[in-house]
Amino acid sequence: MPAAPRIAPSDLFSPADWAPFQSRPAWAGPLLVAHCWAVIILAVVAGVVWPLLIPICVMIVGTRQLGLAILMHEAAHGGLSRNARLNDFLGHWLCAVPVGASLTAYRPYHLKHHRFVQQPEDPDLMLSAPFPVSPASLRRKMIRDLTGQTFFKQRVLLPLAMRRQAGTTEAVADTHDYEAVVTGRSILPFLMFNLGLLILCTAAGVWWAFLVLWLLPMATWFPLVTRLRNIAEHACVEGSATDPFRAARTTRTGWLERAFIAPYWVNFHAEHHLFMHVPCWNLPRLHRAVRARPQGAEMEVADGYLTVLREASRGRTPAPTA
């Protein structure tokens, strides 16, 4: 069972050069969680006060729901707080549960992904292996996301299947491991959180805001940007199974992409796979430092998510016939 190739920080940096990338101020992780929720609350309030802004607010909330999942990912690496109990509290109850996930289930799954990235044992391999696909196939996937079909599968069909097949492995046979392990096993806390949110909105006299400005983003924009993130991170990166500098892709972003697709530095994925314990807020600086070294020229860096989508939808070259 071969593990993914990797390098040590000392292969690129002196101890003095490496030290800043390990800094973890006690306030940074909690501040990111507070920022994410503040953006969500402000977008909901804006949609209630100015209904014409609802389409934009739906995209903003959906992107910050992805932000909560990203911060759960940060917690899986112990990055939200040096205090393990606080890190796990923030990552589970304030990040994972609201979007229907579980930090407890996600952490071992995700660390296995890091250990075996792009190897046959990688549980995320099926997210990247099918690409490139045809433009029509990619459109169908994105339509399923935007029309709520992906949400319905993950939040309704999968938990029902797991309940019927409790104690067996059949429930996860036809789905991605992440959906089964992280989403399917966390339905009760997810329902309780959302019931509380509905009660809160109803008490405030805006019950419809829960449906339009929380549930609708989760059923549409959140699955779409999650798919874009998954494609951008590992799909169509040549040499990803053998070269640690090409285990993942980094995608350059402007402020619009950071606001509506890729919050909290999630686009710096090549750097994250090189050194997974560097906190997310240090990834831009790490990107510049690695790219300044000769080895950094080998990294896969895309000029935006449209570039990634064009690469991922160029279709497969037909195999030569005898």
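May I ask for the distance between the Cα centers of the range 232-268 and the range 40-93, given as a whole number of Å?
20 Å
Calculate the translational D of the range 1-62 in whole µm² s⁻¹ from Stokes-Einstein, where the hydrodynamic radius comes from the Kirkwood formula applied to all Cα pairs, the temperature is 25 °C and the viscosity 0.890 mPa s.
Details: Rh = 15.6 Å.
The estimated diffusion coefficient comes to 157 µm²/s.
Using only the C-alpha atoms of the chain, find the volume of their convex hull and express it per residue in Å³.
It comes to 159 Å³ per residue, whole-number rounded.
Principal axis extents for the range 1-155, Cα atoms only, whole Å, descending order, please.
Here the Cα extents, ordered largest to smallest, are 54, 43, 28 Å.
Pick out the long, greasy-scoring helices in the chain: whole DSSP H runs spanning 15 Å or more along their own axis by Cα, mean Kyte-Doolittle at least -1.0.
Correct list, ordered by number: 28-49, 54-76, 135-146, 187-203, 221-234.
How big is the Kirkwood radius of the range 41-122, worked out from every pair of different alpha carbons and given in Å to one decimal? Spell out each step's value before the answer.
Values: mean 1/r = 0.0709 Å⁻¹.
This gives a value of 14.1 Å.
What 222 nm value per residue comes from the helices of the chain, counting each DSSP H run with n ≥ 4 as -39,500 (n - 2.57) and dividing by all residues, nearest 500 deg cm²/dmol?
Roughly -14500 deg cm²/dmol at 222 nm, from the helical runs in the chain.
Using the Karplus equation 6.51 cos²θ - 1.76 cosθ + 1.60 (θ = phi - 60°), what ³J(HN,Hα) coupling, rounded to whole Hz, does each residue of the range 263-268 give in order, writing x for Gly and Pro?
These are the phi-based 3J(HN,Hα) values: x, 6, 6, 5, 6, 8 Hz.
Per residue and in cubic angstrom, what volume does the convex hull of the Cα atoms of the range 87-148 have?
102 Å³
Could you list which residues have their amide H under 5 Å from that of Ala302, counting only those 5 or more apart in sequence or on another chain, with H placed in the peptide plane?
Close amide H contacts, sequence-distant or interchain: Thr250, Thr251, Arg252.
Calculate the radius of gyration of the Cα atoms of the range 220-293 to one decimal place, then report Dmax, the largest Cα-Cα distance, as a whole number, both in Å.
12.4, 41
With a cut-off of 8 Å between alpha carbons and a minimum separation of six or more residues, what is the relative contact order of the chain in percent?
On the way: 465 pairs, mean separation 78.0, N = 322.
Here the relative contact order equals 24 percent.
Throughout, read-outs are computed from the coordinates displayed, never taken from laboratory work. The shown structure was predicted, so the numbers you read here are calculated from the model rather than taken from an experiment.
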